[in-house]
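Since the structure comes first, as structure tokens, the remarks are kept for the end.
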Amino acid sequence: MGELLFQIGLFLGMLSLGYLFGRRNERKHYRSIQAREDELRSLLVLSTKIPPRSMLSHSSEMVSGSVVISVDYFKTVVAGLRSLVGGRVGAYESLLDRGRREAILRMQQEAKTLGADAVLNLKLETSRIGDNAGKGLGSIEVLAYGTAMIPTRASAPDNR
Amino acid sequence: MLISNMEVVPGKRITQHLGLVQGSTVRAKHAGKDIMAGLKNIFGGELSSYTELLTESRDEALERMQEQARSLGANAVVNVRFSTSSIAAGASELFVYGSAVIIEDR
């Protein structure tokens, strides 16, 4: 009997810790993502493969950004319950959204330090890491990469 | 050496294709980090030690690919792609490939 109570207590404890910290974490992360997105909005990110005419004499370099992000216990449980009935799993949607946007932001940051004005041919890759949470999602890695277009002296004045 | 994930390089002309080059690493997780990751699975958030580990490994795979390209006499690798696969619990393979080419100024 004591064993069972302990198990239930542990479960509820982990659930509430996950809920509190996970929610706080997510809000903080979204605020930070939005602030940095506003800041980096001038740096174009495109998924086109062919450079536009105005960038024909830019120099180029590959840039990438990645993030490993983990679910919280509350989300794991909610997603577990959701999988009984099927449908949208909002708990994981926001996790993947955060991961992708963070990875793109890091890539943009790298491009910015190189002095680039655009990143072309953006590719995104998502993979699942390990099996920490047992049956749950555990953590995901998102990688964003593309080619940064860096203006050179030849391309600077007349073409823009 | 120029690395790009586009098929064309602006301002440059590809004069010769030297074929596919590739590089890969298989990395396992550190047991201590795994415990930390277990805790993170309760609280949620970024696992920065993993982010670093994967970035390092990916850089190494890129380095191996460049080495191969250099030995072929290439001065650029274009159309580069990354690929990640988890091959066992706790280990993942990071793979990068592209076409080795010789470019010159247009």
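Computed values, structure above
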quantity	calculated
Candidate set from region B:1-35 (those that are among the polar types (S, T, N, Q) and within 14 Å of chain A (Cβ to nearest Cβ)); member that is farthest from B:Q66 (Cα to Cα)	B:N5
Residue among A:S54, A:S64, A:S47, A:S16 that is surrounded by fewer than 16 Cβ atoms within 10 Å (Cβ to Cβ) and in contact with a helix residue (DSSP H, G or I) (Cβ under 9 Å, 6 or more places away or on another chain)	A:S16
Failed condition for A:E37, given (1) within 30 Å of A:M149 (Cβ to Cβ); (2) of a type outside the set (K, R); (3) crowded, with 19+ Cβ neighbours inside 10 Å	(3)
Residue in region A:82-94 that is among the hydrophobic types (A, V, I, L, M, F, W, C), within 11 Å of chain B (Cβ to nearest Cβ) and in a helix (DSSP H, G or I) present	yes
A:A91, sole failed condition from (1) modelled with pLDDT of 90 or more; (2) buried (at least 18 other Cβ atoms within 10 Å of the Cβ)	(1)
Number of positions in region A:50-64 that are at the interface with another protein chain (Cβ under 9 Å from one of its Cβ atoms) and assigned to a strand (DSSP E or B)	5
Subset of region A:116-138 [at pLDDT below 85 and either part of a strand (DSSP E or B) or on the phi > 0 side of the Ramachandran plot (or both)]	A:R128, A:I129, A:G130, A:G134, A:G138
Residue among B:T51, B:T15 that is closer than 27 Å to A:A116 by Cβ and in contact (Cβ under 8 Å) with a residue 60 or more places away in the chain	B:T15
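Condition check ((1) within 11 Å of another protein chain (Cβ to nearest Cβ); (2) among the aliphatic types (A, V, I, L, M); (3) assigned to a strand (DSSP E or B)) across all residues:
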site	(1), (2), (3)
A:F6	no, no, no
A:S16	yes, no, no
A:R23	yes, no, no
A:I33	no, yes, no
A:E37	no, no, no
A:S42	no, no, no
A:V71	yes, yes, yes
A:F74	yes, no, no
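Okay, residues lined up against (1) among the polar types (S, T, N, Q); (2) within 30 Å of A:F21 (Cβ to Cβ):
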| position | (1), (2) |
| --- | --- |
| A:S59 | yes, no |
| A:V68 | no, yes |
| A:G99 | no, yes |
| A:V119 | no, no |
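The values are calculated or read from the model by the stated rules, or taken from the named source; none is laboratory data. None of the values given here were measured: they were computed from a predicted structure. Reconstructed Cβ throughout: ideal geometry from the backbone, glycine too, with neighbour counts over all protein chains shown.
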